[in-house]
1. Cβ-Cβ distance below 7 Å, separation of 6 or more or different chains: which pairs start in the stretch 63-84 with a residue that is farther than 19 Å from Lys6 by Cα and end on one that is of a type in the set (Gly, Ala, Ser) and assigned to a loop (DSSP other than H, G, I, E, B)?
2. For the stretch 64-74: of the residues being among the hydrophobic types (A, V, I, L, M, F, W, C) and outside any strand (DSSP E or B), which is surrounded by the most Cβ atoms within 10 Å (Cβ to Cβ)?
3. Please find, within the stretch 18-52, the residue that is surrounded by the most Cβ atoms within 10 Å (Cβ to Cβ) out of those that are touching a residue at least 60 places away in the same chain (Cβ under 8 Å) and part of a loop (DSSP other than H, G, I, E, B).
4. Can you pull out the residues in the stretch 53-62 that are without any contact (Cβ under 8 Å) to a residue 12 or more places away in the chain and on the phi < 0 side of the Ramachandran plot?
5. Under the condition of being assigned to a loop (DSSP other than H, G, I, E, B) and touching a helix residue (DSSP H, G or I) at 6+ places or on another chain (Cβ under 8 Å), which residue from the stretch 1-17 is surrounded by the fewest Cβ atoms within 10 Å (Cβ to Cβ)?
6. Please note which helices (runs of 4 or more DSSP H) are completely contained in the stretch 75-161 and include at least 3 residues that are surrounded by 11 or more Cβ atoms within 10 Å (Cβ to Cβ) and modelled with pLDDT under 90.
7. Which of the residues that make up the stretch 53-63 are surrounded by 15 or more Cβ atoms within 10 Å (Cβ to Cβ) and either assigned to a loop (DSSP other than H, G, I, E, B) or at pLDDT below 85 (or both)?
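The values are calculated or read from the model by the stated rules, or taken from the named source; none is laboratory data. What you see is a predicted model, and the numbers here were worked out from it, not measured in a lab. Note that we place each Cβ from the backbone using ideal geometry, even for glycine, and neighbour counts take in every protein chain shown.
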Amino acid sequence: MTRNLKPPATIACNRVLEYAILDEPVRYSGHSNLFRGDEEVGPVACLAICEDLKRNKVVLLHCDRDWAVQGTEGYKSAREARESVERVYPGVSYLWVDAHVTEQQAGKHLEEIWGGQRCNFCGRTSLELDPMRMIEKNGSWICESCVKTCYELLQSDGPIT
């Protein structure tokens with residue numbers, strides 16, 4: 001049974017542009033070019049065409065019923081993504097729904113998720129970092145960049161300020 005739940009504003013830090021919930025009229029062709037390791041990612045319950053906010057690219061996310069990502073493909077445009085996935089899921093073109101998620105809504109959603117993970121030294125969130133690497137201890141956060149700066153200060157002969 002397919003749940004008709006709209007996806008969140010962002011999935012895996014990507015702004016949702018369009019989505020499709022795959023139901024009875026759409027069948028999996030039996031083959032895709034999407035692999036996780038050596039295993040082909042088979043049929044999924046949902047698809048989402050998204051904008052990668054950091055790289056300004058389009059990604060097609062293959063998701064389960066709860067919008068957890070099972071596989072990802074990159075494309076130059078949403079149109080290219082729709083055309084490609086139509087070969088894997090014939091008839092999906094009739095199921096695409098415009099998500100109507102603005103960049104501001106996506107940013108707000110990401111802030112709700114990641115806003116608490118802010119470096120206590122520089123103030124950046126994990127979303128502002130590439131890669132998104134932070135260390136947490138007792139509710140305090142420090143980003144990789146500040147760790148490197150601290151290391152360099154500790155290695156120098158000068159005073160630490």
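1. Matching pairs, first to second residue: none at all.
2. Trp67
3. Checked the stretch 18-52; the qualifying residue surrounded by the most Cβ atoms within 10 Å (Cβ to Cβ) is Leu22.
4. Across the stretch 53-62, the qualifying residue is only Arg55.
5. Step by step, filter the stretch 1-17, then rank; the result is Pro8.
6. Those helices (runs of 4 or more DSSP H) span 103-114, 144-155.
7. If the condition is that a residue be surrounded by 15 or more Cβ atoms within 10 Å (Cβ to Cβ) and either assigned to a loop (DSSP other than H, G, I, E, B) or at pLDDT below 85 (or both), then Leu53 is the only one that fits.
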